[in-house]
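Since the structure comes first, as structure tokens, the remarks are kept for the end.
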Amino acid sequence: MIKNTTIDKQLGHKTIRAFKEKVLTKEQINTLVEVAQHTSSSMFMQQFSIIHITDAEKKDKIRAISGQKYVGANGDLFIFVVDLHRNQRIRQQLGKDDGRLHQTDIFLQGVEDTVLAVQNTVNAAESMGLGAVILGSINDNPGELLKVLELPTMTYPILGIQIGIADQTPQLKPRLPLDVVFFENDYHEISLVDLKDYDEIVQTYYDLRNSNRRIDSFTNQVGSKKLGTKETHRNELLDVLHSQGLCLK
């Protein structure tokens, strides 16, 4: 395998959920935002925005939505927003109609822009010696989050990131073996037998790690209530997107 400092950082990525009581400097924040802006963008439409949450009340509400005590606590909280509203307003001021902005494919392009920017931001943060956690949990109540952020139509907050100085050193979580995720030309079906060794590795990881030890495996998690049928606010996602004027066709 080729090795360099960038690859070493990426292969050593660990999600950080505990941060020291110190906020980022203006220089650090500006650098992270610049990196996000220079992410690849579909058709150069640059269809995302970033909201830095500093208001204590909003932090509390986002923490309640996420159900995770570290959200909005130490470090800095950023919400990455799929933003078609900006381009809608540009078209309107040019005397144009909305064109294809309400179609699902344009929304997905915005999602791609936003998610790529999120990962680039995390990579930059880690290169600066900072820790980060990507927050999909902000979507646990999408309708309520829109109210908290007071977002206009044609926008949707897709992910959050908490960034700060790490106050923990978690172990590296083992990933799936390459031969079940990387194929040549054709997709390959797998069976539980193919994952037997990996399940044992994951079970050992959970059994020996420093915090939240438990007996668990990868296939057990896939078969758990995580992907089971249940009623949650996340099931309202499509209705919320429609109410925002998104994915209408």
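The values are calculated or read from the model by the stated rules, or taken from the named source; none is laboratory data. This structure is a prediction, so every number in the text was calculated from the model and none was measured. Here Cβ is always computed from backbone atoms with ideal geometry, including for glycine, and neighbour counts include all displayed protein chains.
Listed values, structure above:
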| quantity | calculated |
| --- | --- |
| Sole residue being surrounded by 15 or more Cβ atoms within 10 Å (Cβ to Cβ), in the same structural domain as Glu150 (by TED's automatic domain parsing) and within 25 Å of Arg100 (Cα to Cα), chosen from Ile62, Ile50 | Ile50 |
| Residue that is farthest from the chain's Cα centre (by Cα), among those in region 119-146 that are aliphatic (A, V, I, L, M) and farther than 30 Å from Asp8 by Cα | Leu146 |
| Every pair of residues 6+ apart whose Cβ atoms lie under 7 Å, when the first sits in region 191-206 and is within 13 Å of Asp179 (Cα to Cα) while the second is not in a helix (DSSP H, G or I) | Tyr198/Leu176; Tyr198/Pro177 |
| Some residue of region 176-187 being touching a Leu at 6+ places or on another chain (Cβ under 9 Å), of a type in the set (A, V, I, L, M, F, W, C) and in a helix (DSSP H, G or I) | yes |
| Boolean, Thr39 is of a type outside the set (Phe, Trp, Tyr) and within 25 Å of Gly245 (Cβ to Cβ) | yes |
| Options Glu144, Glu184; residue that is of a type in the set (Asp, Glu) and not assigned by TED's automatic domain parsing to the domain that holds Leu108 | Glu184 |
| Only listed residue being among the hydrophobic types (A, V, I, L, M, F, W, C), part of a helix (DSSP H, G or I), surrounded by 13 or more Cβ atoms within 10 Å (Cβ to Cβ) and under 19 Å from the mean Cα position of the chain (by Cα), chosen from Leu195, Leu159, Leu237 | Leu237 |
| Pick from region 86-105, criterion free of Cβ contacts under 8 Å to residues at least 60 places away in the same chain and part of a helix (DSSP H, G or I), ranking: surrounded by the most Cβ atoms within 10 Å (Cβ to Cβ) | Asn87 |
